[in-house]
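Since the structure comes first, as structure tokens, the remarks are kept for the end.
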Amino acid sequence: MLPGQNKVGIVETNKHSLYMKGMETKKQSVLGAGAYEPKAVEQGIYSSWEKSGYFNPDNLPTEKDAKAYVVYMPLPNVTGSLHMGHALDNTFQDITVRYHRMRGRKVLWLPGTDHAGIATQYVVEKELRKQGISRFEIGREKFIEKVWEWKTEYGGRILEQLRRLGCSADWSRTRFTMDPAYAKDVQKAFIHYYERGWLYRGYRTVNWCTRCATSLSELELEYKDEETNLWHIKYSDEVTVATTRPETMLGDTAIAVNPHDERYQKLVGKKVTLPITGREIPIVADEAIDPKFGTGMVKVTPAHDVLDFEIGERHKLPMIVVIDGRGKMTKEAGAYEGMKSADARAAVVEELTKQGRIVKVEPYPHRVSVCYRCGSSIEPTPSAQWFLSMRELAKLAMDAVHSKKVAIHPERFEKPYFDWLGNIRDWTVSRQIWWGHRIPVYFCKNKADDEKSFVVAETAPKKCPHCGTCEMEQAPDVLDTWFSSALWPFAGLSESDKEKYYPGHTLITARDILNLWVARMIYSGLEFMGTAPFKNVLIHGTIMTKEGKRMSKSLGTGIDPMKYIEEYGADVARFAVVWQATGQDIRWDETAVVGGRKFTNKIWNAAKFVLGQIEEGAMFPVAAGALDAERFSPADKAVVESLSKLKKSVAHDIETFEFAKALREFYDFFWHEFCDGYLEASKAQLANITDAPRTRAILMHVLYESLVVLHPFMPFITEAIFDKLPKKTNALLLIEQWK
RNA sequence: GGGCGUUUAGCUCAGUGGUAGAGCGUCACAUUGACAUUGUGAAGGUCGCAGGUUCAAUCCCUGCAACGCCCACCA
């Protein structure tokens, strides 16, 4: 029973009221006299849903041949807490999931969390640092223990928040990407790729975060604008290069020019002396050089620039490492050893200036790459890493979308998808952090220097095939977090579920992880399961501040959806989000929350009115025959027809992912046609003895159908009202069938 | 350098080849009435700018501008 509710309350007689005539003995609405109070009922309703077991498709009272409808939840990071993006994303998912459950499908919404390697390690390291502990002091094993502790304590928070939002995911199947069964699939995938010859080890210049001390893939980089200089440095009378990074010249092993650049063709094959170090380096010709930029001559530092590394490979240039993995100058940097690279830059410029070699300094706006997790600058650094060849996998992913086996909505997002896959480079999948899936690779201890003395296997071989004596040692690297999340649609399922609940139907997410995650799930599904993991990808808008700025916790521009849930209830938060989510990016507007609040009030009061009119013994839903269409008044006819049109339209909208449109249509119907129009008209009809029974039936009919149609959007208030309807069974609106 | 998106009422946004719409806000009136978290009504828009197609353009085409986002191995 709701607070403020009064089961025995009697409606006061009202002599001035026409429609109340003859109804003095009617009971007050079972919804009581008070306003709707979401805070008082939402948690209770949610737990009755959970207790019912109907979030689990295996418990649904579906027809034998009911088709499965599966949605894989985009994995929130264990470090995360609910933000507006999650609220939008998960409300959309919940709408589709609740809708299809009501349409009789066997619905599974699979939830889980991602171990989020770098992000989580970063958070826990920060926690430890507060206690004055560095991860190196306590060592790998102990550190990982700490992360697990942290995960146990905080990792479930976001899932709790999703419950508060009303998400009807099957929590009994919740997976964490480092659960043993999941880890098994990750290992298998690694070994599978290795056996196919697509996964290989290489020593290359890769993107390296100097703070996290690990490699990163290109999708894990972010960019920051920086004002720097383009220094023109004269190496000799004939050779002047332009660079933004003078300190790396200490590691130069060539000068490159475009082969068609007539100015410099005669220099190709000659040598030049590198200032400061005095080393002689060759001048080579390479197509990658743009003759129009700078002087048309480029210093080549294969160890500290990804493009230069490739030039180096083509011309078999040596690599000289002058900056280490922590961003400090190495022994190779001579006098600059031990300096931070930024300081070395200043020192090198100073020295070159002294030597009169700086011939020009131009201010140069530049974009530098930074780590997407910690924001530290990226230092390209050579290291031994594992790479996944993307040629075949990218083809699988492209074909799936070209053939429309996977449809991306809106279609324009196909372009960035194809652009990325079409120009893809091999994926650096190894990371030098501790928190994550350790790669299933074992090295021979006795031939530690031999890059080829390893075995790829699920467990350490009993006997080392390389030396025959050692116990092999597992490689220290872990996998890129996205390597494991790419497997989510099947690795998140038990073996028997893989048969029943793969593939899914629609993946709903924001555009920022289209390639990082969605593309990788598509080819992983195709490679390992033989089918794409879903038929549709829905990319929704991004929620920004009202000023059009990105919502970000660190900038203090974020708005916490929990605030609205706590203050006005989940339905209002969901309403506000969906109301605004028309497809474009959203500039968050508080007035949508106001609208939602007013709307819940409207629904509650309309229901109160209808329930106050029904007679003893009346039952929901109304039998079709009771509607007596023959005798419909124009108002009756209008509302019944509108409702039936609305129902079709909302169903269509949900199936085509037009959630905002659906909600607005419902809003217009319910508020204006039903409340402003029919409810008012009904008052006169109820006062007339011949019209009253039919009118009551229509009121009941419209209320019932409205609850059904609105439930996917605003599940709590609709369930709260449904609960009070006199009806034959005690079933939940959650599984009421939308017919 | 390339691509994409947006530009409509005071604010946030829908929308359509033929009198321009919503939410919120504003103003007036209504108050024992399911609901004042309300009702009725009103004010408020050369639909970014310039061309073009058309009988007709806010909508289609071209160009421009502003804002935003993404991609790129021009150092």
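The values are calculated or read from the model by the stated rules, or taken from the named source; none is laboratory data. Owing to the predicted nature of the structure, the values given are computational and were not obtained by experimental measurement. Note: ideal-geometry Cβ built from the backbone for every residue, glycine included; neighbour counts use all protein chains shown. For accessibility, only protein heavy atoms count, side chains too; no ligands or nucleic acids. Shrake-Rupley method; radii C 1.70, N 1.55, O 1.52, S 1.80 Å.
For this structure, a couple of remarks:
- First in segment A:250-276 and under 22 Å from A:Ala344 (Cβ atoms), second anywhere and polar (S, T, N, Q), Cβ under 7 Å, 6 or more apart: A:Leu250/A:Thr277; A:Gly251/A:Thr301; A:Asp252/A:Thr301; A:Val272/A:Ser236; A:Thr273/A:Ser236; A:Pro275/A:Gln355
- Any hit, segment A:193-201, residues being modelled with pLDDT of 90 or more and surrounded by 20 or more Cβ atoms within 10 Å (Cβ to Cβ): yes
- Of all the listed residues (A:Trp579, A:Trp604), the sole one being part of a helix (DSSP H, G or I), touching a residue at least 24 places away in the same chain (Cβ under 8 Å) and open to solvent by 10 Å² or more (accessible area, probe 1.4 Å) is A:Trp579.
- Scan of segment A:59-69 for residues that are open to solvent by 20 Å² or more (accessible area, probe 1.4 Å), touching a residue at least 12 places away in the same chain (Cβ under 8 Å) and under 29 Å from the mean Cα position of the chain (by Cα), ordered by number: A:Lys67, A:Ala68
- Residue in segment A:281-293 that is part of a helix (DSSP H, G or I), touching a strand residue (DSSP E or B) at 6+ places or on another chain (Cβ under 9 Å) and β-branched (Val, Ile, Thr) present: no
- Residue in segment A:304-319 that is farthest from RNA strand B (Cβ to nearest atom), counting only those that are assigned to a loop (DSSP other than H, G, I, E, B) and within 20 Å of A:Ile233 (Cα to Cα): A:His304
- Considering residues of segment A:637-683 that are in a helix (DSSP H, G or I) and acidic (Asp, Glu) only, the residue least open to solvent (accessible area, probe 1.4 Å): A:Asp653
- Near pairs, Cβ below 6 angstrom, 6+ apart or cross-chain, from segment A:660-683 (farther than 15 Å from A:Phe609 by Cα) to any residue that is among the hydrophobic types (A, V, I, L, M, F, W, C) and not in a helix (DSSP H, G or I): A:Ala660/A:Ala581; A:Leu663/A:Phe713
- Every residue from segment A:701-739 that is over 36 Å from the mean Cα position of the chain (by Cα) and at pLDDT 95 or above: A:His701, A:Val702, A:Leu703
- Residue within segment A:607-615 that is closer than 18 Å to A:Asp94 by Cβ and within 8 Å of RNA strand B (Cβ to nearest atom) present: no
- Close Cβ contacts (under 8 Å, 6 or more residues apart or on different chains) running from residues in segment A:531-557 that are among the hydroxyl-bearing types (Ser, Thr, Tyr) to residues that are away from RNA strand B (no atom under 16 Å from the Cβ) and open to solvent by less than 10 Å² (accessible area, probe 1.4 Å) comprise A:Thr531/A:Gly525.
- Strands (runs of 3 or more DSSP E) within segment A:417-515 that include 1 or more residues over 22 Å from A:Thr79 (Cβ atoms) and open to solvent by 20 Å² or more (accessible area, probe 1.4 Å): A:441-443, A:454-456
- Only one of the numbered conditions (1) touching a Pro at 6+ places or on another chain (Cβ under 9 Å); (2) open to solvent by 10 Å² or more (accessible area, probe 1.4 Å) is violated by A:Val406, and that is (2).
- So A:Gly132, is it on the phi > 0 side of the Ramachandran plot, modelled with pLDDT under 95 and among the small types (Gly, Ala, Ser): yes
- Within segment A:364-375, residues that are at negative phi and in a strand (DSSP E or B) reach partners that are more than 10 Å from RNA strand B (Cβ to nearest atom) and of a type in the set (A, V, I, L, M) with beta carbons closer than 9 Å, at six or more positions or on different chains, in the pairs A:Val368/A:Ile378; A:Ser369/A:Leu216; A:Ser369/A:Ile378; A:Val370/A:Ile378; A:Cys371/A:Ile118; A:Cys371/A:Leu216; A:Cys371/A:Ile378.
Residues are listed down the side, and each one gets a yes or a no for (1) modelled with pLDDT of 95 or more; (2) open to solvent by 50 Å² or more (accessible area, probe 1.4 Å):
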position: A:Thr91; (1), (2): yes, no
position: A:Thr96; (1), (2): yes, no
position: A:His100; (1), (2): yes, no
position: A:Val107; (1), (2): yes, no
position: A:Pro111; (1), (2): yes, no
position: A:Ile118; (1), (2): no, no
position: A:Val123; (1), (2): no, no
position: A:Glu137; (1), (2): no, yes
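- Residue under evaluation A:Gly251, criteria (1) touching a His at 6+ places or on another chain (Cβ under 7 Å); (2) at pLDDT below 90, criterion not met: (2)
- The set of residues from segment A:516-560 being among the charged types (D, E, K, R) and either surrounded by 20 or more Cβ atoms within 10 Å (Cβ to Cβ) or in a loop (DSSP other than H, G, I, E, B) (or both) comprises A:Arg520, A:Lys535, A:Lys546, A:Glu547, A:Lys549, A:Lys553, A:Asp560.
- Considering segment A:314-331, the residues that are over 30 Å from A:Pro259 (Cβ atoms) and open to solvent by 40 Å² or more (accessible area, probe 1.4 Å) include one that is farthest from the chain's Cα centre (by Cα), namely A:Lys331.
- All positions within segment A:561-576 that are without any contact (Cβ under 8 Å) to a residue 24 or more places away in the chain and either open to solvent by 10 Å² or more (accessible area, probe 1.4 Å) or β-branched (Val, Ile, Thr) (or both): A:Lys563, A:Glu567
- Failed item in (1) away from RNA strand B (no atom under 11 Å from the Cβ); (2) surrounded by 19 or more Cβ atoms within 10 Å (Cβ to Cβ); (3) among the charged types (D, E, K, R), with A:Arg597 passing the rest: (1)
- A:Arg211 meets all of the listed conditions (1) open to solvent by 10 Å² or more (accessible area, probe 1.4 Å); (2) more than 10 Å from RNA strand B (Cβ to nearest atom); (3) touching a Gly at 6+ places or on another chain (Cβ under 9 Å); (4) under 17 Å from A:Pro302 (Cα atoms) but one, namely (4).
- Residues located in segment A:348-366, provided they are within 16 Å of RNA strand B (Cβ to nearest atom) and either among the charged types (D, E, K, R) or within 12 Å of A:His232 (Cβ to Cβ) (or both): A:Val349, A:Leu352, A:Arg357, A:Ile358, A:Val359, A:Lys360, A:Val361, A:Glu362, A:Tyr364
- Residues located in segment A:61-84, provided they are farther than 27 Å from A:Ile565 by Cβ, among the hydrophobic types (A, V, I, L, M, F, W, C) and assigned to a loop (DSSP other than H, G, I, E, B): A:Ala66
- Screening A:Met297 against (1) of a type in the set (A, V, I, L, M, F, W, C); (2) buried (at least 20 other Cβ atoms within 10 Å of the Cβ); (3) more than 13 Å from RNA strand B (Cβ to nearest atom) leaves a single unmet condition, (3).
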